[in-house]
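Quick notes on the structure that follows.
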Amino acid sequence: MRFRALCGGLFAVGLWLFVPAVQAATVLFVSAKDYPSPPSAWAWRPSESHSEPAKITDREGRVLYGFWATILRGRIPTPDGDTPLETACRKPDGRADVVVALGWEAARIVARECDRPLLAVQVTHRQWMSGLDAPPIAPRTALYLEADPRRHLPLVRAFLPRARRIGLLTPPDLPDWLPRLREAAREAGFELAEIPAGSDREAVRALRVHLAGLDAVLLPPDSRLINEWSLKPLLLMTVRQGIPTFGGPTARYVEAGVMAAAVADEASLLDQIRASVADLARGKAPAPVYPATVRVAVNPTVARTLNLSDEAIERARAIPSRP
């Protein structure tokens, strides 16, 4: 099926995913407008014919085959007429074994329209924990967009060997990542100064009050507190005070002025996708997970502004990609 871009719409791709040591599973990849294509690191090459599959090639040279198809309002335009997403979850000789949804919008649509096992990829921990609109009728799991918050702590130590006190904006509820982060910070010799906030506006006001005495600020993985509106004033505030900020779900936060963050290594996500698909195809629902392999994103301009050395940048970049 020929790939056809559809601005502002949704699209899907049916893939035959070859999982080592298990029977091959038929996988339907669905993406939303926020993800107009698979990550560039997947080396996706669309087919130019209706009969030959496109390819995704990982770093080990293993290939996933499939076809593109556009989706708009839950339907797929095809030469034979629009096809509902529910029908797209099927194949001529049976059914798709697993649907992999890239992004939260796509995951919600798939959960509502398709009764196949679901792997949600590139969704945040906060989104997944908020729940899908439709009750589960098949196994579901997620591969989170952001890295485990604990993965940012070695970055703080690499840049600031003598740092002691880290400020952390905390949401009103008790997310399951917070106790684990508290323990990891204690073991790493940090004092985690928690700053409660109920919204992005409160986050800006609260940090301004508690900024004195902090060696660094760690952004929480919670869009209620850190988002496009609150990030700019928070970064302006911390840079003016000479305090580096760490964290963020993607490298875009670092590009915006965050000192450094551990972010998902997109090329390595395919291995985790393969493993989750294998479990889902057997009717199992593995626990949601963070990316196992990360890369370090650094903003050298911010580092120089804060008088941090090139050696500190090299120490951060030398941090292992896996825990």
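Structure values in brief
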item	result
Residue list for the stretch 92-105, restricted to those being more than 13 Å from Ser276 (Cα to Cα) and either in a strand (DSSP E or B) or at pLDDT 80 or above (or both)	Gly94, Arg95, Leu102, Gly103, Trp104, Glu105
Residue that is nearest to Asn299 (Cα to Cα), among those in the stretch 131-162 that are among the small types (Gly, Ala, Ser) and crowded, with 19+ Cβ neighbours inside 10 Å	Ala158
Residues of the stretch 197-231 satisfying the condition of being outside any loop (DSSP other than H, G, I, E, B), touching a helix residue (DSSP H, G or I) at 6+ places or on another chain (Cβ under 7 Å) and open to solvent by 30 Å² or more (accessible area, probe 1.4 Å)	Asp200, Arg208, Trp229
Filter result for Leu168 (free of Cβ contacts under 8 Å to residues at least 60 places away in the same chain and in contact with a helix residue (DSSP H, G or I) (Cβ under 8 Å, 6 or more places away or on another chain))	yes
Leading residue by the ranking (farthest from Thr238 (Cα to Cα)) among those in the stretch 272-318 that are of a type in the set (Val, Ile, Thr) and within 20 Å of the chain's Cα centre (by Cα)	Val277
Some residue of the stretch 166-178 being in contact with a strand residue (DSSP E or B) (Cβ under 9 Å, 6 or more places away or on another chain) and open to solvent by 30 Å² or more (accessible area, probe 1.4 Å)	yes
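The values are calculated or read from the model by the stated rules, or taken from the named source; none is laboratory data. Computed from a predicted model, the values in this text were never measured in an experiment. Here the Cβ is made from the backbone with ideal geometry for all residues, glycine too, and neighbour counts use every protein chain on show. Just the protein is used for accessible areas: all its heavy atoms, side chains included, with ligands, DNA and RNA removed. Shrake-Rupley method; radii C 1.70, N 1.55, O 1.52, S 1.80 Å.
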